[in-house]
């Protein structure tokens with residue numbers, strides 16, 4: 001992260017990274033989604049939610065350690081103040097999913113604002129200490145279609161990751177006019193990174209096209225948020241690199257022997 005990006009993330013709790021994915025990557029990921037929408041039992045659904053999308057393999061696996069995103073994860077979830085020699089990756093991929101919302105499906109989404117610095121949640125937090133940021137769960141949300149002003153989609157309360165007071169209840173529902181929530185926009189290929197400590201939710205989708213978003217959520221090396229470890233599913237996947245396998249490792253101190261070999265240098 002450069003100095004401007006670091007300032008904006010600390011200030012707002014989120015950052016939009018343009019052109020994180022190129023046109024070829026966007027097309028290949030959308031093709032994977034097309035296949036799963038086609039095979040879905042309910043073809044008339046207004047929205048689709050697909051979990052554990054690493055199981056799709058192919059282009060989805062390339063997002064585990066995407067070169068355009070790793071430097072940001074290094075800054076947001078990077079090494080502890082006193083890393084141990086030979087220590088493995090300093091963060092891990094916790095869980096993944098894809099959402100597809102069709103045009104006009106204004107009732108599809110998590111419209112209740114959630115997260116925030118208060119009350120404190122040890123699973124999703126934000127601290128600034130010793131000149132660097134410390135985060136709990138970090139979200140990387142890849143836009144696979146354009147999100148324009150007025151379309152809806154991801155909405156948040158900028159700066160709320162550092163809040164000391166609870167969100168007033170009358171501002172919870174994003175289906176009503178909200179004086180503090182801001183839409184986070186960006187064309188296809190944009191990656192929006194945010195801390196789960198940020199107060200956020202889904203604004204009703206008013207776009208004339210589908211909203212397609214891939215969510216990859218990362219955590220510190222010793223912490224889990226989801227209740228399923230990804231390394232079990234991927235243990236026999238020959239196409240994974242050693243770095244990808246290390247990022248799928250279940251939470252541990254990243255010191256000494258790993259379950260499938262020795263700890264890897266980052």
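Site pair residue 253 and residue 74 shows an inter-label distance of 2.6 nm when each label is modelled 7 Å from Cα along Cα→Cβ.
Under a Gaussian network description of the chain, with springs only between Cα atoms under 10 Å, the residue in 219, 143, 172 that fluctuates furthest is 172. Under 1.5 on a/c is rounded, so check that first for region 73-154, then, if it is not, pick prolate when a/b is larger than b/c and oblate when it is not; a ≥ b ≥ c are the square roots of the alpha carbon gyration tensor eigenvalues. Here region 73-154 falls in the prolate category. Considering only 62, 135, 178, the mean-square fluctuation computed in a Gaussian network model of the chain, springs between alpha carbons under 10 angstrom, is largest for 178. In region 153-258, the C-alpha radius of gyration followed by the widest Cα-Cα span (Dmax) gives 18.3, 53 angstrom. Label separation (residue 47 vs residue 175): 1.0 nm, computed from points 7 Å beyond Cα along the C-beta direction. Could you tell me the calculated FRET efficiency between residue 2 and residue 224, based on Cβ-Cβ distance and R0 = 35 angstrom, to the nearest 0.05? With R0 = 35 Å, the Cβ-Cβ based efficiency is 0.70. What is the distance in Å between the Cα centres of region 194-256 and region 1-19? Between the Cα centre of region 194-256 and that of region 1-19, the gap is 20 Å. Under a GNM of the chain (C-alpha, springs under 10 Å), which listed residue has the highest mean-square fluctuation: 149, 35, 25? Ranking 149, 35, 25 by mean-square fluctuation puts 35 first.
Which of rounded, prolate, oblate describes region 198-244, given a ≥ b ≥ c as roots of the alpha-carbon gyration tensor eigenvalues and a/c under 1.5 marking rounded, otherwise prolate only if a/b is larger than b/c?
Numbers: a/c = 3.26, a/b = 1.74, b/c = 1.87.
The shape class here is oblate.
Cβ crowding within 10 Å ranks 213, 96, 223 as 223, 213, 96, fewest other Cβ atoms first. Taking only the Cα atoms of region 3-227, the ratio Rg/Rh comes out at 0.96, with Rh defined as the Kirkwood radius. How would 34, 42, 146 line up from fewest to most surrounding beta-carbon atoms within 10 angstrom? Ranking 34, 42, 146 by Cβ neighbours within 10 Å, fewest first, gives 42, 34, 146.
Estimated from helices alone, the mean residue ellipticity of the chain at 222 nm is -5000 deg cm²/dmol (sum of -39500 (n - 2.57) over DSSP H runs with n ≥ 4, per residue). Spin-label model, residue 57/residue 243: points 7 Å from Cα along the beta carbon direction are separated by 2.3 nm.
Sorted from largest to smallest, which semi-axis lengths in Å does the alpha carbon gyration tensor of region 34-130 give for its equivalent ellipsoid, taking the root of 5 times each eigenvalue? Please list the in-between numbers first.
Numbers: eigenvalues 224, 89, 21 Å².
Listed largest to smallest, the semi-axes of region 34-130 are 33, 21, 10 Å.
Values in this text are rule-based calculations from the coordinates and carry no lab data. Please read all numbers here as calculations on a predicted model, not as lab measurements. Please note: Cβ atoms are built from the backbone with ideal geometry, for glycine as well, and neighbour counts cover all protein chains shown.
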